[in-house]
Amino acid sequence: MTRPVRLVLVLIAALCVVGMGACGGDDDSEGSAPKTATNQPDTGTATAPTPAEAQKALKDTSQKPVVPTPTGSPPRKLVVEDIVKGKGKAAKKGDTVIVNYVGENFSNGKEFDASWDRGQPFPVTIGRTQVIEGWTRGLMGIKKGGRRMLTIPPELGYGPNGYPPAIPPNETLILVVDAVSVR
């Protein structure tokens, strides 16, 4: 093996070791590195995606979405934003919508739940399933293949009690929800 090839291999190995060390740790521990827009620990070498790249990734319904970091004050009313419009039947009261979702707290960006991590979509029967009111209202009209972001005020979420320890009292929630099917 020539010296330049050996040098390149040594550099690649060193980068792998440094990269693996930077990926360890618990995101919930104190002093953890700030997260980049890709929701991965900041190793100091990665750059945040451009807004166009982040928007493109958010539209890829084949992968767990990265919830955009909110700015400003939380809204006082339910905000429903279609990121990807689905096709077919629009969900209405009484329909069952099978969803994949990611939920984060507005105030601190901490993920509190994600069906993607369990590898099992979640069924929501609109008007019948025991979910928070923000889900019920927010899923009305979604179509199969659609991805929707819901910003849910505390009054339509867990209110003054929260859902300790994951959701503090009076927390605004952000959910990115994918409709796997509507029936």
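The values are calculated or read from the model by the stated rules, or taken from the named source; none is laboratory data. Quantities reported herein were computed from a predicted structural model and do not represent experimental measurements. A quick note on method: Cβ atoms are made from the backbone with ideal geometry, for glycine too, and the neighbour counts reach across all protein chains shown.
Would it be correct to say that VAL102 is at pLDDT below 95, β-branched (Val, Ile, Thr) and within 18 Å of ALA166 (Cβ to Cβ)?
Values: at pLDDT below 95: no; β-branched (Val, Ile, Thr): yes; within 18 Å of ALA166 (Cβ to Cβ): yes.
Spelling it out, it is not the case that VAL102 is at pLDDT below 95, β-branched (Val, Ile, Thr) and within 18 Å of ALA166 (Cβ to Cβ).
Does the stretch 80-92 hold any residues that are loosely packed, with under 14 Cβ neighbours inside 10 Å and either at pLDDT below 95 or within 15 Å of the chain's Cα centre (by Cα) (or both), and which are they?
Matches in the stretch 80-92: GLU81, ASP82.
Looking at (1) of a type in the set (S, T, N, Q); (2) surrounded by fewer than 18 Cβ atoms within 10 Å (Cβ to Cβ); (3) modelled with pLDDT of 95 or more, which is the one condition that is false for SER115?
Every listed condition holds for SER115 apart from (2).
Among the residues of the stretch 45-85, write down those that are hydroxyl-bearing (Ser, Thr, Tyr) and closer than 25 Å to ARG118 by Cα. Break it down into steps so the answer makes sense when it comes.
First, pick out the residues of the stretch 45-85 that are hydroxyl-bearing (Ser, Thr, Tyr): 45, 47, 50, 61-62, 69, 71, 73.
Passing the criteria: THR61, SER62, THR69.
Which numbered condition in (1) crowded, with 17+ Cβ neighbours inside 10 Å; (2) modelled with pLDDT of 95 or more is the only one that THR136 fails?
Failing condition for THR136: (2).
When you check THR151 against the structure, is it polar (S, T, N, Q), closer than 11 Å to ALA91 by Cβ and either surrounded by 16 or more Cβ atoms within 10 Å (Cβ to Cβ) or free of Cβ contacts under 8 Å to residues at least 40 places away in the same chain (or both), yes or no? Please lay out each step first, then the result.
Working: polar (S, T, N, Q): yes; closer than 11 Å to ALA91 by Cβ: no; either surrounded by 16 or more Cβ atoms within 10 Å (Cβ to Cβ) or free of Cβ contacts under 8 Å to residues at least 40 places away in the same chain (or both): yes.
So THR151 fails the test.
Taking LYS77, is it closer than 22 Å to GLU155 by Cβ, modelled with pLDDT of 95 or more and loosely packed, with under 13 Cβ neighbours inside 10 Å? Steps first, please.
On the way: closer than 22 Å to GLU155 by Cβ: yes; modelled with pLDDT of 95 or more: yes; loosely packed, with under 13 Cβ neighbours inside 10 Å: yes.
Answer is yes for this residue.
So, of the residues in the stretch 127-147 that are in a loop (DSSP other than H, G, I, E, B) and not β-branched (Val, Ile, Thr), which turns out to be farthest from GLY86 (Cα to Cα)?
Pass one, the stretch 127-147, residues in a loop (DSSP other than H, G, I, E, B): 127-132, 140-142, 145-146.
Retained after the next criterion (residues that are not β-branched (Val, Ile, Thr)): 127-128, 130, 140-141, 145-146.
Details: GLY127: 21, ARG128: 23, GLN130: 25, MET140: 13, GLY141: 10, GLY145: 4, GLY146: 4 Å.
Looking at residues that are in a loop (DSSP other than H, G, I, E, B) and not β-branched (Val, Ile, Thr), I get GLN130.
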